[in-house]
Amino acid sequence: MDNLFILLLAPVVSALVLCFIKEAKSARWIALFTSLLSLALSVPFLLGFVPDASIQFEQSWMWIDLLRLQFHIGLDGISLPLLLLTNGLMPLIILSSFGKDHKGSFYALISFMQAGLLLVFLARDAFSFYVGWEVALIPIYFICALWGEGDRIRINIKFFVYTFFGSILMLVALIYLYHQGIIRSLEWDALVKLHLSENAQRWVFWAFFLAFAIKIPIFPFHTWQPDTYTHAPTTGTMLLSGVMLKMGIYGLLRWLLPITPFAVLSYGHIVLILCVIGIVYASIIAFKQKDAKRLMAYSSIAHVGLIAGGVFSLQPTGLQGAVLQMLNHGLSVVGIFLVIDVLQRRTGSRNLSEWGGFAKPMPKLAILFLILLMGAIGLPLTNGFVGEFLLLKGLFGYGVWYAVFGGLTLILGAVYMLRFYQKAMLGPIAVEAKPMVDIQGYELLVLLIIGFFTIFLGVCPNAILRLSEASVTNLLNQIKF
Amino acid sequence: MGAIITLGILGILLLYLGLYKAKNALLPVTVVGLLVALGFLVLQWDLDAKPLYHGMVLFDRYAIAFSALCILVTVLILLLSKEYFRSISEHVAEYYCLLVLSLMGALLVTAYHNFAMLFVGIEIMSVALYILVGIRKNDAASNEAALKYFLMGAFSTGFLLFGITLMYGAAGTFDLSGLRDYVLATDQVSPLFYGGILLMLCGLCFKIGAAPFHFWTPDVYDGAPILITAFMSTVVKVAAFVGFFRLFGTVLVPLNDFWTPVLLTITIITLFLGNITALVQTSFKRMMAYSSISHAGYMLFAIVSIGAASASSILMYASAYCLASVIAFATLIVVKRRTGSDQFESFNGLAKQEPLLAIILTIAMLSLAGIPLTAGFIGKFMMFNNVMGSYNVMLLVIAAINAAVAVYYYLHVVINMYFKDSSTANQQGLQLAGTYKVVLGIAVLLTLAFGIYPDFIIGLL
């Protein structure tokens with residue numbers, strides 16, 4: 001059962017099946033079932049994975065013979081955590097949409113997007129990578145635009161054109177790289193071995209960086225993000241922040257660092273400065289937000305800024321932290337967005353000033369939300385602590401001041417998250433009219449699972465770190481010259 | 001050669017069918033005739049191609065592949081025509097006859113080996129179209145379009161002929177191999193010849209609708225009946241491109257230092273002009289017209305940077321573009337029948353009433369925009385790859401910017417279909433004829449198949 005191609009094909013097949021299901025109830029159960037099946041299919045890889053730097057479970061076929069383009073997939077210690085993240089989060093995301101009446105087409109789009117995401121994380125050649133990168137974009141556009149709210153058309157066009165522009169720049173860089181080798185190829189191994197001139201590396205670096213930075217998003221390429229997050233349906237927001245932005249960070253790790261090492265060394269500090277600006281700026285703005293979703297959008301910018309910073313610190317700890325924190329961030333945002341969704345459905349509002357005192361009628365939610373919050377802030381014994389500690393250690397190794405400013409995420413994060421908690425959970429009950437029912441059923445289940453992993457990864461982070469260690473070290477060895 | 005003869009006979013046969021009022025036989029006979037022609041082409045596939053009839057035509061692999069594409073697209077368009085032509089006029093036999101004859105001209109253009117044949121082919125192709133564009137006699141727009149097309153076409157033929165004459169004056173032959181020998185053998189190519197190249201370039205750019213010779217395109221596309229527009233923007237364009245490629249890609253390659261800068265300028269103007277004007281259109285049909293200009297720009301990439309993969313890329317790009325265009329125009333016919341307008345607004349709410357049609361049109365738009373897993377992406381990728389092969393990074397960046405612009409207007413129709421509610425009172429579902437379903441189904445399946453596994457079309461040439 002450890003066939004990567006089948007793993008990749010499973011969501012495509014389930015998307016095709018889901019297309020034809022009109023009835024909401026059966027659609028969501030089938031979606032849940034197929035996503036669980038995908039998760040089950042990924043278990044053999046976790047068990048059979050040998051934590052060294054090698055690429056495992058490789059498969060490749062010739063795709064376009066004339067251009068020598070291959071369809072090449074494989075798994076290493078950096079891909080595996082992200083594979084687990086994608087396939088692990090999908091059932092949770094689908095489960096958290098159970099309160100709504102979505103038709104099969106909605107879940108079909110999610111499944112199709114899952115296939116694109118998996119291809120991004122598994123691709124060992126840039127052509128497949130690019131295909132996955134774009135394939136993941138189309139469904140999320142439709143999810144956000146069809147089921148979103150407010151001024152969704154204009155906002156989603158902005159989101160789409162923005163990210164597409166980034167992708168097409170990447171395509172230009174890829175085609176450029178394709179022509180640099182003696183043997184034309186877009187294989188990862190071949191691209192990494194290219195001897196690019198410093199000048200060539202510079203502009204390839206920026207073309208790649210823009211594509212990834214828009215997706216992540218790194219300041220100042222983030223302007224599409226708050227609006228899109230706010231106006232998307234909660235499921236769309238979860239997909240975007242939980243999984244999709246990891247594509248960008250993964251791109252940095254997998255493609256940018258090894259292909260343009262010189263440019264990374266010479267421009268890394270600029271990127272780091274951008275990351276740090278993003279961290280401070282987004283944290284301050286998050287503090288001023290009234291809309292809970294918007295607050296989380298800005299907090300997301302701050303957090304991924306730190307993760308990208310960790311990648312560019314070029315320290316083993318920084319990269320390890322980035323891999324771990326990608327998972328942590330994915331888990332916690334999905335959880336917190338569900339909390340926001342739960343409260344929104346109970347009160348009909350996302351406005352923090354209209355919230356308050358929910359802890360009294362909803363004690364289970366209050367406790368689980370607190371656990372998630374601690375994870376997001378980075379309290380010891382939660383997952384966030386380990387990740388942020390490693391990231392900051394990495395940044396410290398690069399330069400003390402980067403670590404000092406990067407560390408502001410923790411402090412400012414605590415400030416705005418606690419404010420969030422206080423506004424929502426504590427104080428007098430703001431909405432008296434509606435009876436507040438505590439979380440139950442699928443809401444409780446999703447938050448329990450996320451809460452469990454928040455603590456589990458905080459107590460034994462080695463479960464993930466063990467997988468990626470060798471690959472990260474190997475990657476860094478390739479960069480240093 | 002069997003194909004061309006078949007088409008000629010078929011044209012006359014169709015006229016007789018019209019004469020004897022056998023209207024119901026028209027479509028089946030045409031389709032069968034086209035398939036027979038296709039059969040003749042396929043049978044010739046692996047033969048060692050030699051110029052026929054004293055070097056007049058050459059049915060090599062390029063000619064056969066592109067001719068087959070033209071015939072297939074024509075079949076798809078004709079299958080859409082059943083009710084469409086009847087709604088325009090009584091005398092439907094003429095349409096079929098003229099379309100078939102125009103297709104015959106297109107086949108000659110793809111297979112010419114002598115300038116005489118190029119000229120004859122272009123004229124057969126165009127004269128039939130002049131009539132078809134103006135076939136709605138009482139419609140002022142249609143008449144205007146026909147006149148415009150005729151005048152512009154006559155101009156471009158003039159340029160073409162002048163170019164041919166100058167080249168003949170320098171080289172003393174109309175034959176492509178003769179011209180190639182002349183270019184290769186002479187150290188000092190006559191200035192007349194250079195003048196000839198420029199004039200040929202103008203004439204051919206008129207035909208493919210490249211800027212700044214594009215002025216006729218939007219008005220003619222807009223004024224012509226939708227199916228004729230579909231035929232012009234696919235079959236005629238592809239044929240003209242192959243004619244272009246045959247001359248510049250085989251004969252004139254040694255002189256590319258001379259014409260590449262000119263063509264490069266034309267390409268860049270074409271890209272920007274097509275995309276930016278397409279951006280501000282309010283009519284779907286006009287948007288398709290301008291976007292077809294920009295696609296001509298992308299296809300010119302293969303000629304600007306002639307290489308081993310040029311022919312394959314044109315074939316890939318042209319197939320993707322033709323399939324997507326057929327879908328787009330077929331949908332437009334359906335929509336126009338419902339609302340009576342070809343503005344973007346008339347697509348409002350289509351996704352609710354005809355979800356499948358909306359999905360198919362969305363896939364076509366994604367293909368035109370060049371998104372992966374559709375044929376359009378592979379086409380764009382190969383075109384970009386060609387340009388990079390001759391180290392034209394600047395052009396590549398310009399193309400990338402244009403591709404990002406194009407996404408905006410292709411999404412426009414998607415937005416109308418999915419996110420806006422229909423304003424018309426007429427909300428009942430559309431009755432799609434069986435042939436429409438077949439055509440749309442074939443086109444969308446091929447678009448996806450070429451996008452997912454393009455090797456069987458790229459590997460052809």
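The values are calculated or read from the model by the stated rules, or taken from the named source; none is laboratory data. All values derive from a computational prediction rather than experimental measurement. A quick note on method: Cβ atoms are made from the backbone with ideal geometry, for glycine too, and the neighbour counts reach across all protein chains shown.
Some points to look at:
- The condition (being within 12 Å of chain B (Cβ to nearest Cβ), among the charged types (D, E, K, R) and closer than 18 Å to A:LEU252 by Cα) is satisfied by just one residue among A:GLU187, A:GLU134: A:GLU134.
- Candidate set: the stretch A:228-249, residues that are among the β-branched types (Val, Ile, Thr) and touching a Phe, Trp or Tyr at 6+ places or on another chain (Cβ under 6 Å); chosen: the one nearest to A:VAL339 (Cα to Cα): A:THR234
- B:GLY55 vs. criteria touching a Ser or Thr at 6+ places or on another chain (Cβ under 8 Å) and outside any helix (DSSP H, G or I): yes
- Residue ID - farthest from the other protein chains (Cβ to nearest Cβ), chosen from residues in the stretch A:146-182 that are assigned to a loop (DSSP other than H, G, I, E, B) and without any contact (Cβ under 8 Å) to a residue 40 or more places away in the chain: A:ILE182
- Of residues in the stretch B:88-107 being in contact (Cβ under 8 Å) with a residue 24 or more places away in the chain and not aliphatic (A, V, I, L, M), the one farthest from B:LEU227 (Cα to Cα): B:GLY105
- Residue check for B:VAL36: of a type in the set (A, V, I, L, M, F, W, C), buried (at least 24 other Cβ atoms within 10 Å of the Cβ) and either modelled with pLDDT of 90 or more or on the phi > 0 side of the Ramachandran plot (or both): no
- So A:LEU84, is it in contact (Cβ under 8 Å) with a residue 60 or more places away in the chain and either assigned to a helix (DSSP H, G or I) or within 14 Å of chain B (Cβ to nearest Cβ) (or both): yes
- Any hit, the stretch A:197-206, residues being in contact with a Phe, Trp or Tyr (Cβ under 7 Å, 6 or more places away or on another chain), more than 11 Å from chain B (Cβ to nearest Cβ) and closer than 30 Å to B:PRO355 by Cα: no
- Residues being without any contact (Cβ under 8 Å) to a residue 12 or more places away in the chain and under 20 Å from the mean Cα position of the chain (by Cα) - total across the stretch B:377-400: 1
- One residue from A:ALA200, A:ALA190 being crowded, with 18+ Cβ neighbours inside 10 Å, within 19 Å of A:SER128 (Cβ to Cβ) and without any contact (Cβ under 8 Å) to a residue 60 or more places away in the chain: A:ALA190
- From A:ALA366, A:ALA322, A:ALA286, residue being within 25 Å of A:THR230 (Cβ to Cβ), touching a residue at least 12 places away in the same chain (Cβ under 8 Å) and within 22 Å of the chain's Cα centre (by Cα): A:ALA286
- Going through (1) within 14 Å of chain B (Cβ to nearest Cβ); (2) over 22 Å from A:LEU252 (Cβ atoms) one by one, A:SER60 falls short only on (1).
- Residues satisfying the criterion are absent from the stretch B:80-91 (criterion: of a type in the set (Val, Ile, Thr) and surrounded by fewer than 16 Cβ atoms within 10 Å (Cβ to Cβ)).
- Among the residues of the stretch A:98-131, those that are more than 30 Å from A:VAL192 (Cβ to Cβ), crowded, with 24+ Cβ neighbours inside 10 Å and away from every other protein chain (no Cβ under 14 Å) comprise A:TYR107, A:ILE110, A:SER111.
- All of B:ILE327, B:ILE333 fail the test of being of a type in the set (Val, Ile, Thr) and buried (at least 24 other Cβ atoms within 10 Å of the Cβ), apart from B:ILE327.
- Residue, nearest to B:ASP60 (Cα to Cα), within the stretch B:13-33, restricted to residues that are in contact (Cβ under 8 Å) with a residue 12 or more places away in the chain and under 25 Å from the mean Cα position of the chain (by Cα): B:GLY33
- Those helices (runs of 4 or more DSSP H) of the stretch A:214-267 in which at least 1 residues are of a type in the set (A, V, I, L, M) and crowded, with 24+ Cβ neighbours inside 10 Å, considering only elements entirely within it, cover A:234-238, A:245-251.
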